[in-house]
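Chemist: Questions regarding the structure given below will be posed in turn.
The values are calculated or read from the model by the stated rules, or taken from the named source; none is laboratory data. Keep in mind that this is a model prediction, so the values were computed, not measured. No Cβ is skipped: glycine too gets one built from the backbone with ideal geometry, and neighbour counts run over all protein chains shown.
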Amino acid sequence: MSEAGNIDLDNPFSEPFELEITDTLDLHAFAPRDVKSVVETYLIEARKKNFKVVRLIHGKGIGVQRETVRKVLADTDFVKSFKNAPEFSSSWGATIVEFE
């Protein structure tokens, strides 16, 4: 909470919010510190929706987000495989994930 009032400068949202779970998640909307937990939660929810393949957009940059995402994927037991997206679908700025 800030001294000026009840605004938490670390959390721009006053209340939790829900995102629609689709077969694509763009991580640009999340703070880097939240990416690991967002991806973990997203994978569970996407699997519950019976998606067989999903796309995680992490951006190209210097690869920090990509490595965070791929570490989560490697540690998730129901992830069958993952790879760079095809060139027409963000290429190495996104990862395609296949579930078992």
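Chemist: Do you know which residues across the range 62-79 are exposed (fewer than 12 other Cβ atoms within 10 Å of the Cβ), of a type outside the set (D, E) and free of Cβ contacts under 8 Å to residues at least 24 places away in the same chain? Break it down stepwise before answering.
Modeler: Step one: list which residues in the range 62-79 are exposed (fewer than 12 other Cβ atoms within 10 Å of the Cβ), which gives 62, 67, 74-75, 77-78.
Filter again for of a type outside the set (D, E), leaving 62, 74, 78.
Hits for the range 62-79 are I62, A74.
Chemist: May I pose another question? Assuming W92 fulfils every condition listed in (1) in contact with a helix residue (DSSP H, G or I) (Cβ under 8 Å, 6 or more places away or on another chain); (2) assigned to a helix (DSSP H, G or I); (3) at pLDDT 95 or above apart from one, which condition is it?
Modeler: With (1) in contact with a helix residue (DSSP H, G or I) (Cβ under 8 Å, 6 or more places away or on another chain); (2) assigned to a helix (DSSP H, G or I); (3) at pLDDT 95 or above applied to W92, the lone miss is (3).
Chemist: Cβ-Cβ below 7 Å, separation at least six or inter-chain, first residue in the range 21-38 and in contact (Cβ under 8 Å) with a residue 24 or more places away in the chain and surrounded by 13 or more Cβ atoms within 10 Å (Cβ to Cβ), second assigned to a helix (DSSP H, G or I) and among the charged types (D, E, K, R): which pairs?
Modeler: I21/E45
Chemist: Let me ask something else about it. Hey, among E98, E45, which residue is more than 21 Å from A31 (Cβ to Cβ), at pLDDT 95 or above, among the acidic types (D, E) and under 15 Å from the mean Cα position of the chain (by Cα)?
Modeler: On the way: E45 fails: more than 21 Å from A31 (Cβ to Cβ).
Within the list E98, E45, the selection yields E98.
Chemist: Separate question: Pick from F17, F78, F30: which is of a type outside the set (K, R) and modelled with pLDDT of 95 or more? Talk me through it step by step, then tell me what you get.
Modeler: Working: F17 fails: modelled with pLDDT of 95 or more; F30 fails: modelled with pLDDT of 95 or more.
Of F17, F78, F30, the one residue that is of a type outside the set (K, R) and modelled with pLDDT of 95 or more is F78.
Chemist: Separate question: Restricting to the range 58-72, and then to whatever is modelled with pLDDT under 95 and touching a Leu at 6+ places or on another chain (Cβ under 7 Å), can you tell me which residue is nearest to T95 (Cα to Cα)?
Modeler: Among those that are modelled with pLDDT under 95 and touching a Leu at 6+ places or on another chain (Cβ under 7 Å), it is H58.
Chemist: So F51 fits all but one of (1) outside any loop (DSSP other than H, G, I, E, B); (2) closer than 15 Å to V97 by Cα; (3) at pLDDT 95 or above; what number is the exception?
Modeler: (1)
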